[in-house]
1. Mind checking the dipole of the stretch B:76-144: about its Cα centre, +1 per Lys or Arg Cβ, -1 per Asp or Glu Cβ, Debye to the nearest 20?
2. Using only Cα atoms, find the angle between the long axis of helix A:2-64 and the longest principal axis of chain A, and express it within 0 to 90 degrees, rounded to the nearest 10.
3. Using just the helices of chain A, give the 222 nm mean residue ellipticity in deg cm²/dmol: DSSP H runs with n ≥ 4 each add -39,500 (n - 2.57), and the total is spread over all residues, rounded to 500.
4. Please report the accessible area of A:Met316 (heavy atoms, 1.4 Å probe, ligands and nucleic acids excluded) in Å², nearest 10.
5. Quick one: grab the alpha carbon gyration tensor of the stretch A:381-451, order the square roots of its eigenvalues as a ≥ b ≥ c, and give me rounded if a/c is under 1.5, else prolate or oblate depending on whether a/b is larger than b/c.
6. How many Å² of accessible surface get buried when A and B come together, counting both sides, probe radius 1.4 Å, rounded to the nearest 100?
7. Using the Cα atoms of the stretch A:223-368 to build a convex hull, what is its mean projected area in square nanometres?
8. Using a 7 Å offset from the Cα along the Cα-to-Cβ direction at both A:Asp248 and A:Ser224, what is the distance between the two label points in nm, to one decimal?
Amino acid sequence: MNLKRSAAVVGALVLLIVLGWMFFNYSNRLARAENQLEAQYQMAFFSLLKHSENLDMLLAKSIASSSPRQNIINLTTVWHEAENARMALDRLPVGLKLQTSQKYLAQIGDFAFYLAKKNASNQAINDAEWNKLKELRDQTRKLNIKLHDLIPEVKTGKIKWGSLDSESSKDKAKPPERSLGGELGKIDERLKDEAPTLTYDGPFSDHVESIKPKGLTGPWISESKARGIARGFIDVSDKANYSIKKEDEPKGLIPAYSYTLRSQSKKEEVVIDVSKKGGHVVWYLNPRDVKEAGVSIADAISKAEGFLRDRGFNNMIATGSLREDNVLTVTFVPLINGVVIYPDFIKVSVALDNEQIVGYNAQGYLIYHHKRDLPQPKLTKAKVKELIKPDLDIKRIRLALIPTPSRKELLCYEVRATLEEDEEFYIYINAANGHEERILKIIETGDGNYTM
Amino acid sequence: MQNFRKFGKKLLYWFLLFFVSFSITYLVMTKSADSFLKKYGQERAVYAQGDGRATADDVHLLARLISGEARGEPYTGQVAVAAIIINRVESPKFPSTVSGVVYQPHAFESVSNGEIWRQPPSDENIKAARAALNGWDPTYGCLFFWNPSKPVSKWIWTRQIIRKIGNHVFGK
């Protein structure tokens with residue numbers, strides 16, 4: 001009996017040890033994982049601090065320097081440091097609400113890069129631009145002071161990496177702790193009021209956000225008219241028998257009516273948006289399964305062209321296509337008086353099993369298309385040829401209107417040329433002054449071309 | 001003695017029960033710790049990425065996020081979720097790569113709870129990701145989406161709502 005009793009006691013002890021070990025093991029793992037994460041966050045914080053300090057110093061140098069050559073280096077390094085600071089900020093667990101800080105850093109970099117480009121093309125930075133740079137420097141210095149204040153708490157691991165959600169703290173009775181999210185949130189609020197508005201030629205310029213659509217010509221239309229337009233536009237057989245259901249209306253950049261059209265068998269479904277102003281089809285999608293491909297790329301492109309012609313787009317030319325599975329998406333742009341108008345693009349998707357148009361997207365066209373008075377090119381084609389490196393074999397030269405990063409438009413000569421017969425480039429030469437504005441490399445895949 | 005034997009048996013029984021239930025809890029917890037580590041590992045990978053716009057290489061990651069965030073949503077709603085990611089990549093207010101946007105801390109619930117690693121995306125998810133990469137944007141430039149029937153931060157309701165698709169609202 002005694003033996004049994006001690007067996008039970010030993011058994012219980014062993015169990016206790018095993019359980020204890022398991023618990024220790026688990027909490028150890030969790031603690032390690034938590035520490036790793038804490039280390040990541042701290043690294044991001046100190047990296048933000050470091051890059052922000054560098055930014056301040058480089059901005060100061062740029063302002064002090066009188067050498068445009070030196071400033072090209074300073075300003076491009078500002079861009080680099082601002083991007084690094086932005087990346088560090090992305091990695092902090094402070095929620096998604098530090099949008100002003102994010103944008104602020106993105107804009108400093110973008111603006112500095114624009115100024116560097118200006119210097120590189122021998123244009124002087126004007127007084128207004130110098131003043132903006134000074135304002136940005138002041139803001140950066142203030143940001144650094146705030147970040148420095150947080151160092152002791154971050155270093156000792158005392159700070160709470162809370163999100164900015166005030167409602168996320170469960171215990172309302174407790175006084176709110178100083179959290180990194182909260183502190184950075186205050187910095188963000190202040191930037192919102194104090195950061196300068198920046199308008200320049202770059203993708204993050206403030207004017208880009210407020211672009212309004214130019215292609216919504218025509219009167220406002222009624223809902224019943226929109227239904228007819230939707231049904232008439234889509235490419236399905238037996239469309240009269242499709243049921244049509246009104247969906248929630250998008251109220252954004254292009255206010256529209258939205259519909260889902262279903263075939264009687266419910267096998268096919270097309271979603272379509274029709275603009276309220278002018279009754280233009282903005283886009284449609286038919287996500288049906290596309291079976292074995294039996295149609296050639298060339299046939300599919302001419303089918304897409306015909307589809308556009310039937311719907312009133314007479315002067316569109318295909319500029320590129322991409323095949324994904326058995327769907328070919330073709331990009332079309334207008335060709336007006338011999339000029340390729342790249343901003344006004346329309347995309348058309350063709351199913352390669354039966355040539356049906358399964359996708360249409362005219363958002364670009366409706367935002368940018370308008371009647372333009374294009375300037376006469378000052379350069380001749382012969383002059384453009386001289387500007388191209390002799391190693392390149394020129395295949396074609398034509399006039400093209402291209403969008404700049406800040407959505408302005410430039411009239412250029414588009415030079416299609418190959419290097420040693422296997423690499424193809426599009427080089428854009430400004431038709432007014434002969435500057436090389438952009439160079440694109442054609443990436444040829446078995447399934448179509450795209451540019452980088 | 002009889003009593004002691006009974007007591008010993010009872011003790012053993014309770015310990016066994018405790019042992020089994022604890023083991024199960026332990027296993028579950030270890031699993032979650034693993035996914036925690038995995039997530040952390042993913043975040044590191046983001047840091048090594050350079051900048052660039054959304055490209056065809058991003059299809060798979062986008063499709064996974066659609067699978068995690070918009071499972072069971074109508075096709076347009078899936079395209080819309082992918083369009084949000086692409087709009088964020090192009091916005092100065094968010095990271096400048098698809099992986100940067102997807103793995104931004106606390107940005108997506110399906111990343112926080114590990115849902116996006118749990119199952120491969122469906123063909124429909126992939127198709128939706130491609131449509132968005134090709135420029136179809138049912139949200140007209142929105143940067144946020146949320147499910148109004150779930151608890152979300154009050155802040156998100158201060159966004160301008162552009163449209164509603166399925167269970168999600170999309171806002172700027």
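The values are calculated or read from the model by the stated rules, or taken from the named source; none is laboratory data. For clarity, every value in this text was computed on a predicted model and none was experimentally measured. Positions of Cβ are backbone-derived with ideal geometry, glycine not excepted, and every protein chain shown enters the neighbour counts. Heads up: the accessible areas ignore ligands, DNA and RNA and are worked out on the full protein's heavy atoms, side chains in. Shrake-Rupley method; radii C 1.70, N 1.55, O 1.52, S 1.80 Å.
1. Working: 5 positive and 6 negative charges, 24 e Å.
Charge dipole, the stretch B:76-144, about its Cα centre: 120 debye, nearest 20.
2. Approximately 50 degrees, to the nearest ten.
3. Numbers: 10 runs with 189 residues, N = 452.
After summing the helix terms and dividing by the residues of chain A, the value is -14500 deg cm²/dmol.
4. 10 Å²
5. On the way: a/c = 2.38, a/b = 1.20, b/c = 1.99.
Note, shape of the stretch A:381-451 comes out oblate.
6. Details: alone 25830 and 11550 Å², together 31480 Å².
Interface between A and B: roughly 5900 Å².
7. 8.9 nm²
8. Going by the 7 Å Cα→Cβ label model, 2.8 nm.
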